[in-house]
Amino acid sequence: MSFRLDQYSQPLLEAVLGSLREGIIVIDRQMEVVLYNQAAVDVFNLSPVMTGPLRLIDITRNKTIHDGFRQVLEESRPFDANLEISGVQERAFSFRATPLLMPSAHEVVGAIGVFFDVTQLVRLERVRREFFANLSHELRTPLTSILAYVETLLNGAIYDSENNLQFLRIINKHAARMQNLVCDIADLSAIEAGEFRLEPVAIDLKAFVDNLAVLVAPEAEARKVRFRNEVAPGVQVQADPQALEQILMNLIINAVKFNRPEGEVSVTAGFEGDLRTLIVVRDTGVGIEAKHLPRIFERLYRVDKSRSQEVGGTGLGLAIVKHLVLNHGGDVSVDSVPGVGSEFRVRLPRPPGAAARAPALETAAAPDGACAG
Amino acid sequence: MDAFALDARVQGLRDKVLLLGGQAEDSLSRAIGALVRRNSALAEQVIRDDDAIDLVESELDEDCASLLIKAAHLSPSDLRFVIGVLRTTPMIERIADHAVNIARHALRLNDEPELKPYIALPRMAALAQEMLSDALDALTQSDAAKARQTIRRDDEVDLLYRRIFAELTAFMTKDSAAVLRAAELLFVIKHLERIADYATNICEQVVYLAEGRAIKHTPDAWQRD
């Protein structure tokens, strides 16, 4: 039995279906297409020349979809499947087909197929899985060392006056690394959950970066890297001081660590129109290959695992930077040339009606508690 | 040809042959994915799924035969379609076989270090995939113009085939450690070239179905539009 919509319900139905983001295809028992919406046209890349009556096979040659519809028609119960449809790019869909029952008929008159785009969800799920895999790796590495040294000490090395202090120092170093990681994770989840309350104030950048230079100095000297504050006087930014310190310290310390001896790190800044302030952190370091650039702001993403071990860090710094900047309504981007250096650009709000004269600097308070630094 | 003018049983036949085409497309795309992304699990899947494709081919054969026995009840366009299916099905099945072969080469290549780079192979693979997809679209829409356009692209595939062949053999002369892997890739490009040929043959059938004339072995295959 076939069926058609009457002249009034058709336009209404088409308007409703047209507004949906999910692709919808309705077929009758003969596998002829009764109805489909614009989203389905996009999903299946249907050409506009395909007019007139269509069969399901005219829309797709995907076997899972055909099998699903057929099962619904034959067994009159819903069918669910995950699909990958490659058009211009590979996309993932959650496909659900349900029987179409009409009050007037005593049998299933057709089937409704709904195609929900889960490409983004699948991607997020992959990121989540990788995050936990990386996280357990990052925690396990120092923990294994700590347990090994503790065991050695317990087995008598504690009385070995030549090595016992050295072992304790190693344990201390690894415990500190784990603590940093746990703190960064706590920070990051607070920032992501919006629990990190920002209190933006107008900040004079030149003085602010001068204060950071003091904190950067030990690391920079150890690595023979020159740090230059090239922020022009009078440039201001509207930001939470503690967050801004975290943003800039993360970028500057990275720039120092991934530099070369006798290299240079510079910070410049300027207004960008009436609404934004642009801060640029530039280095003369190892640079980042283009293929890594889209992913470096992901949590625990490592460009070079061996190098990361050597320079330390938790692998969460750039993710924290990204979220703090986004929470300010700003954005962060990066350009890099391998072997030449990288340039991180942070755009943050410019203080409303920022005066030409720089106001007195509020020094960023050092964060309290065990997680400071 | 309007699909709705066909006898219901012939319509079922049309669904089935196009679905078979879809399965061949899928096998090819997974086989190439197995090769390019070095995913051996995908290659094993392709090899496993081939039995199902062979089964559909035999079913289609029987369906056509049983329809032809009742030929008196079928219109000339129905009959022509059944003949078209009889000719097209083996081509699709062979395309799937070539995909399986590519998957087998991928399995062997994935056990070796990657031969860098795979040169223009991904482009040739994409072209063969597009030709297959366009041929099946042309068959779906009974679109002779699209079929003719697709036939013309076979020259591009042949050109790429000769270029990659030369590059791979040059690779072999230069680096004897690469000989085995380059040889595997020579087979892969041969399979791709054959797939493009079969896509061309399917297109010739589309023209036959749409216009009722055979263009095989004639310059008409690519001249008219």
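Residues in region A:252-260: is at least one surrounded by fewer than 19 Cβ atoms within 10 Å (Cβ to Cβ), touching a residue at least 12 places away in the same chain (Cβ under 8 Å) and over 24 Å from A:Leu181 (Cα atoms)? Break it down stepwise before answering.
Start the filter on region A:252-260 by keeping residues that are surrounded by fewer than 19 Cβ atoms within 10 Å (Cβ to Cβ), which leaves A:260.
Cutting the leftovers down to touching a residue at least 12 places away in the same chain (Cβ under 8 Å) gives us A:260.
Still in the running and over 24 Å from A:Leu181 (Cα atoms): A:260.
Yes: one or more hits.
For the condition touching a residue at least 24 places away in the same chain (Cβ under 8 Å), among the charged types (D, E, K, R), over 18 Å from A:Arg21 (Cα atoms) and part of a helix (DSSP H, G or I), what is the one hit in A:Glu151, A:Glu130? Give the steps one after another, and end with the answer.
Numbers: A:Glu151 fails: touching a residue at least 24 places away in the same chain (Cβ under 8 Å).
Among A:Glu151, A:Glu130, only A:Glu130 is touching a residue at least 24 places away in the same chain (Cβ under 8 Å), among the charged types (D, E, K, R), over 18 Å from A:Arg21 (Cα atoms) and part of a helix (DSSP H, G or I).
Considering only region B:108-126, how many residues are buried (at least 19 other Cβ atoms within 10 Å of the Cβ) and modelled with pLDDT of 90 or more?
3
Checking the conditions here, which among A:Arg70, A:Arg77 is modelled with pLDDT of 90 or more and within 14 Å of chain B (Cβ to nearest Cβ)? Spell out how you get there, then give the answer.
Details: A:Arg77 fails: within 14 Å of chain B (Cβ to nearest Cβ).
So the residue among A:Arg70, A:Arg77 that is modelled with pLDDT of 90 or more and within 14 Å of chain B (Cβ to nearest Cβ) is A:Arg70.
Would you be able to tell me the number of residues in region A:31-54 that are modelled with pLDDT under 90 and within 14 Å of chain B (Cβ to nearest Cβ)?
Summing the residues that are modelled with pLDDT under 90 and within 14 Å of chain B (Cβ to nearest Cβ) in region A:31-54 gives 12.
Would region B:154-166 turn up any residue that is under 30 Å from A:Leu56 (Cα atoms), out of contact with any helix residue (DSSP H, G or I) (no Cβ under 6 Å at 6 or more places or on another chain), modelled with pLDDT of 90 or more and assigned to a helix (DSSP H, G or I)? Quick ask: steps written out before the conclusion?
Our first condition is that a residue be under 30 Å from A:Leu56 (Cα atoms); within region B:154-166, this holds for B:154.
Applying the additional criterion that residues be out of contact with any helix residue (DSSP H, G or I) (no Cβ under 6 Å at 6 or more places or on another chain) yields none.
Within region B:154-166, not a single residue is under 30 Å from A:Leu56 (Cα atoms), out of contact with any helix residue (DSSP H, G or I) (no Cβ under 6 Å at 6 or more places or on another chain), modelled with pLDDT of 90 or more and assigned to a helix (DSSP H, G or I).
Please work out which residue is surrounded by the fewest Cβ atoms within 10 Å (Cβ to Cβ), limiting yourself to region B:196-217 and to residues that are at pLDDT 65 or above and more than 27 Å from B:Val10 (Cβ to Cβ). Let's see the steps before the verdict.
Filtering region B:196-217 down to residues at pLDDT 65 or above leaves B:196-216.
Filter once more, keeping what is more than 27 Å from B:Val10 (Cβ to Cβ): B:196-197.
Working: B:Ala196: 28, B:Asp197: 19.
Here the answer is B:Asp197.
If you take the residues of region B:10-39 that are within 27 Å of B:Ser75 (Cβ to Cβ) and basic (Lys, Arg), which of them is nearest to the other protein chains (Cβ to nearest Cβ)?
In this case the residue turns out to be B:Arg14.
Here are some residues: B:Asp78, B:Asp7, B:Asp54, B:Asp63. Which one is closer than 24 Å to B:Thr200 by Cβ, acidic (Asp, Glu) and modelled with pLDDT under 95? Can you show your working first?
Values: B:Asp78 fails: closer than 24 Å to B:Thr200 by Cβ; B:Asp7 fails: closer than 24 Å to B:Thr200 by Cβ; B:Asp63 fails: closer than 24 Å to B:Thr200 by Cβ.
Testing whether each residue is closer than 24 Å to B:Thr200 by Cβ, acidic (Asp, Glu) and modelled with pLDDT under 95 leaves just B:Asp54.
May I ask you to list pairs of residues, at least six apart or on different chains, whose Cβ atoms are under 6 Å apart, with the first in region B:130-148 being crowded, with 19+ Cβ neighbours inside 10 Å and the second being among the basic types (Lys, Arg) and part of a loop (DSSP other than H, G, I, E, B)?
Once the first residue is crowded, with 19+ Cβ neighbours inside 10 Å and sits in region B:130-148, its partners that are among the basic types (Lys, Arg) and part of a loop (DSSP other than H, G, I, E, B) give B:Met131/B:Arg153.
The values are calculated or read from the model by the stated rules, or taken from the named source; none is laboratory data. Since the model is a prediction, treat every value here as computed from it, not as a measurement. Using ideal geometry, Cβ is built from the backbone for each residue, glycine included, and neighbour counts are taken over all protein chains shown.
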